[in-house]
Amino acid sequence: MAKRGIQGAILKGLGARDRTITVVGAEDITARFRRIWFHAETLLNEIEVGPTAWLRLWIPDPNGGRAQYQRAYTISEVGEEPGRFAADFVLHEPAGPASIWARSVSGGESLEVMSLGSSIFEIPAELPAGYLIVGDAASLPAINAVLRTIPAEVEIKVYLEQHDPLDQQIPMAKHPKAQIAWAERDDADTLAKAIESRDLTGWRVWAAAESGSLKTLRTRLKGELGVPKSHAEIRAYWIEGKAMGNQWRG
């Protein structure tokens with residue numbers, strides 16, 4: 001039996017249900033970005049599926065032990081066939097359990113998933129003057145969903161932190177008023193410094209990137225750029241030098 005520890009028990013207590021998904025295909029978008037296609041008979045009918053929705057995947061121990069590693073992944077695509085959907089994996093180096101698993105799967109493998117805590121990107125009733133979107137390769141699946149959701153008449157500025165030259169080869173959703181800029185990461189200040197100084201009155205912010213980068217970004221948004229906290233949706237997708245999610249040893 002797999003081991004999940006106290007975190008797994010807490011999720012169960014909060015009402016999270018285990019569901020099984022099966023790998024039905026995989027495709028390499030770039031050498032370090034892989035799309036895995038899954039099938040689950042009833043999952044998409046039982047959860048809220050929308051822009052930036054995500055699932056908690058329980059990744060098996062790459063060493064063959066009983067441990068499972070919880071990692072969250074955005075539902076990047078929903079297929080035409082019922083129950084079919086995809087999630088995109090950045091193939092990090094050094095590789096963690098999810099990267100190791102994603103590199104090797106091709107079809108037939110199964111995973112347990114939970115959906116508790118997922119959030120959906122929504123446009124407010126009063127249309128914003130613009131959107132400032134900040135992220136990196138790990139959040140590009142969610143950013144693509146956001147770009148597809150924002151109305152065509154709304155101005156968008158996208159700032160992306162580059163960790164590898166291949167990051168810029170990852171396909172991005174098209175938006176007629178989106179301007180995209182990449183900044184090669186030097187340190188945790190790179191992303192915040194890359195954002196141009198401008199009037200963001202009436203704008204909204206959606207940001208998902210490395211935790212240290214977001215700390216600096218929050219300071220600049222609150223100070224110089226004057227963005228109210230209520231107008232900014234910010235979440236850390238990963239922490240440099242540390243695994244996100246939970247791991248439990250069997």
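The values are calculated or read from the model by the stated rules, or taken from the named source; none is laboratory data. From a predicted model like this one, the values you see are computed outputs, not experimental measurements. For neighbour counting, all protein chains shown are included, and Cβ atoms are generated from backbone atoms with ideal geometry for every residue, glycine included.
Values for this structure:
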quantity: VAL146, sole failed condition from (1) in contact (Cβ under 8 Å) with a residue 60 or more places away in the chain; (2) assigned to a helix (DSSP H, G or I); (3) surrounded by fewer than 23 Cβ atoms within 10 Å (Cβ to Cβ); calculated: (3)
quantity: Qualifying residue in region 75-86 (condition: in contact with a helix residue (DSSP H, G or I) (Cβ under 6 Å, 6 or more places away or on another chain), hydrophobic (A, V, I, L, M, F, W, C), at pLDDT 95 or above and outside the structural domain of PRO171 (by TED's automatic domain parsing)); calculated: no
quantity: Filter result (charged (D, E, K, R) and either buried (at least 16 other Cβ atoms within 10 Å of the Cβ) or more than 19 Å from the chain's Cα centre (by Cα) (or both)) within region 179-218; calculated: GLU184, ARG185, ASP186, ASP187, ASP189, LYS193, GLU196, ARG198, ASP199, ARG204, GLU210, ARG218
quantity: Given (1) part of a loop (DSSP other than H, G, I, E, B); (2) surrounded by 15 or more Cβ atoms within 10 Å (Cβ to Cβ), number of the condition LEU140 does not satisfy; calculated: (1)
quantity: Selection count where residues are outside any strand (DSSP E or B) and over 19 Å from the mean Cα position of the chain (by Cα), scope region 149-178; calculated: 8
quantity: Of all residues in region 166-192 being touching a strand residue (DSSP E or B) at 6+ places or on another chain (Cβ under 8 Å) and basic (Lys, Arg), the one that is nearest to GLU240 (Cα to Cα); calculated: ARG185
quantity: Selection count where residues are among the aliphatic types (A, V, I, L, M), closer than 13 Å to ARG32 by Cβ and assigned to a strand (DSSP E or B), scope region 89-113; calculated: 1
quantity: Any hit, region 174-196, residues being closer than 20 Å to LYS229 by Cβ and either out of contact with any Asp or Glu (no Cβ under 9 Å at 6 or more places or on another chain) or of a type in the set (Lys, Arg) (or both); calculated: yes
quantity: Odd one out for VAL154 among (1) free of Cβ contacts under 8 Å to residues at least 40 places away in the same chain; (2) assigned by TED's automatic domain parsing to the domain that holds ALA232; (3) out of contact with any Asp or Glu (no Cβ under 9 Å at 6 or more places or on another chain); (4) surrounded by fewer than 18 Cβ atoms within 10 Å (Cβ to Cβ); calculated: (4)
quantity: Flag for ARG71 being surrounded by 19 or more Cβ atoms within 10 Å (Cβ to Cβ), within 21 Å of GLY107 (Cβ to Cβ) and at pLDDT below 95; calculated: yes
quantity: Hits in region 203-232 - residues which are more than 13 Å from VAL134 (Cα to Cα) and in contact with an Asp or Glu (Cβ under 8 Å, 6 or more places away or on another chain); calculated: GLY212
